[in-house]
Amino acid sequence: MLYMPIVIPFYESNGLSMKDIMILQAVYSIAIVVLEIPSGYLADVIGRRKTLIIGAIFGTFGFATYSFSYGFLGFLIAEIILGIGQSCISGADSAMLYDSLLERGEEKKYTRFEGRITSIGNIAEAVAGILGGVLAGITLRAPYIAQSFVAFIALPAAITLVEPARKVPLIKAGFMEIVRIARFALFQDRPLRRNILFSAITGTATLTMAWFAQPFFKYTNIDIMWFGLLWTSLNLTVAITSYTAHYFERKLGQTRSILMISLLIPMGYLALSRFHLSTGLIILYLFYLVRGYATPVLKDYINRITASNIRATVLSVRNFIVRLLFAITGPLLGWIKDIYSLPQALTLAGIIFLVLSIFTAILFLSSGKEMSGVRDYTSRTRPS
């Protein structure tokens with residue numbers, strides 16, 4: 001993600017306000033929302049490898065479109081293309097990893113490997129922060145041009161993947177099957193619903209902070225030349241806790257992990273709204289430490305109770321809710337920041353996420369032992 005360290009300055013150099021930026025991200029989220037569950041279902045039907053290849057192709061075209069666009073409309077088209085690509089990848093990638101481990105009888109190692117993937121991804125993004133900053137010295141558009149070539153690497157990478165065998169039959173193709181799986185995940189199976197909701201609230205909160213980090217840098221008068229270095233160090237922070245998440249989760253256990261995540265993520269917003277520069281940066285780094293821990297751990301909790309034949313679809317249901325919530329809250333918070341101030345936007349975000357996190361955490365923990373064991377989708381959605 002070569003462009004992330006300068007994404008806000010890039011948008012502003014093309015005449016966009018913070019509200020416009022959040023609208024773009026909302027459109028991106030809506031594009032994912034529309035296709036998230038169908039694409040996850042597609043991965044369950046035709047295979048995860050083929051779906052990932054499709055996603056890689058759209059990702060390459062999306063960044064190529066960004067490279068040659070100079071205003072809101074061009075960026076809008078690029079975001080829609082990228083949304084289609086991301087919807088094909090999200091859910092399918094984690095499902096493929098879990099089933100690959102399941103095939104080898106090593107599914108208990110999922111958190112470790114998901115943590116490694118998150119960690120390596122953030123190390124790569126940290127390196128990209130430095131390179132993106134260097135490229136931005138040429139022109140703010142250069143990181144997007146380079147990103148097109150980086151995105152293309154995903155295509156041969158996806159082609160070389162090996163589809164794991166699944167212990168349960170593939171689900172049948174059909175729109176009504178998508179509806180049945182979504183209904184099963186969100187209405188019929190209480191533990192799975194509570195798991196998905198808590199993970200989605202946390203995912204929305206961490207995604208939103210990613211778009212407020214740079215405005216915070218700017219608000220505290222940090223020179224733009226430091227944006228790349230700060231972005232790099234934040235991603236390295238995520239990499240640390242992602243890589244060690246499996247170890248700490250075993251030590252903390254599920255209950256303490258859920259309580260820690262539900263409180264520290266929203267409190268990070270409230271604390272950041274009250275402090276500037278040095279103290280604010282410390283809070284931001286602490287927030288990213290918790291983010292690195294939460295991502296692999298909460299995905300693992302969902303995978304533990306999800307059958308292989310609907311795994312990608314269920315993970316896509318979770319991602320669907322994340323993007324839907326962000327599409328609602330993102331533009332609102334961006335508008336608050338434009339009209340009032342960044343601290344007020346952060347305060348509102350903290351209140352919203354604190355209420356939602358505590359509520360969904362209580363529901364999650366009240367399920368108790370129900371959270372263990374794979375959910376039998378077929379028998380609960382089909383007449384005998």
Exercise. With a 10 Å Cβ neighbour count serving as the proxy for reagent exposure, in which order, fewest first, do ILE130, ILE305, ILE138, ILE81 appear?
Worked result: ILE138, ILE130, ILE305, ILE81
For this session: Would you mind calculating the relative contact order of the chain from Cα pairs under 8 angstrom and at least 6 residues apart, reporting the percent as a whole number?
Result: 30
For this session: Just subtract the alpha-carbon distance of PHE359 and ILE120 from 0.36 nm times their residue separation and send over the number in nm, one decimal.
Result: 82.8 nm
For this session: With a point put 7 Å past each Cα toward its Cβ, work out how far THR244 is from THR279 in nm, to one decimal.
Result: 2.7
Problem set entry | Cα gyration tensor shape for the range 115-254, rounded if a/c is under 1.5, else prolate or oblate | prolate
Seminar exercise, completed: Checked the range 4-158 against the a/c 1.5 cut and the a/b vs b/c comparison, axes a ≥ b ≥ c from its Cα gyration tensor; verdict prolate
Problem set entry | Span-like helix ranges in the chain, DSSP H, alpha carbon extent 20 angstrom or more, Kyte mean at least -1.0 | 18-46, 48-67, 72-89, 110-136, 190-210, 227-243, 245-272, 277-304, 311-339, 342-366
Seminar exercise, completed: Stretched fully, the stretch from SER366 through ARG183 gains (0.36 nm per residue minus C-alpha distance, one decimal, in nm) 63.8 nm
Exercise. Which of the trypsin sites (Lys or Arg not before Pro) found in the range 65-115 are in a DSSP loop and have at most 15 neighbouring Cβ atoms, other than their own, within 10 Å?
Worked result: ARG104
Exercise. Of the chymotrypsin sites (Phe, Trp or Tyr not before Pro) in the range 6-92, which ones lie in a loop per DSSP and count no more than 14 other C-beta atoms within 10 Å?
Worked result: PHE68, TYR70
For this session: Let me have the 222 nm mean residue ellipticity of the chain computed from DSSP H runs of 4+ only, each contributing -39500 (n - 2.57), with the sum over all residues rounded to the nearest 500.
Result: -26500 deg cm²/dmol
Seminar exercise, completed: Extension length gain for GLU12 and GLU103 (0.36 nm per residue less Cα distance), in nm, is 27.9 nm
Seminar exercise, completed: Ranked from fewest to most other Cβ atoms within 10 Å of their own Cβ, VAL127, VAL322 fall in the order VAL127, VAL322
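Read the figures in this text as sums done on the coordinates, not as results from a lab. Here the structure is a predicted model, which means the values were calculated and not measured. Neighbour counts run over all protein chains shown; Cβ positions are idealised from the backbone, glycine included.
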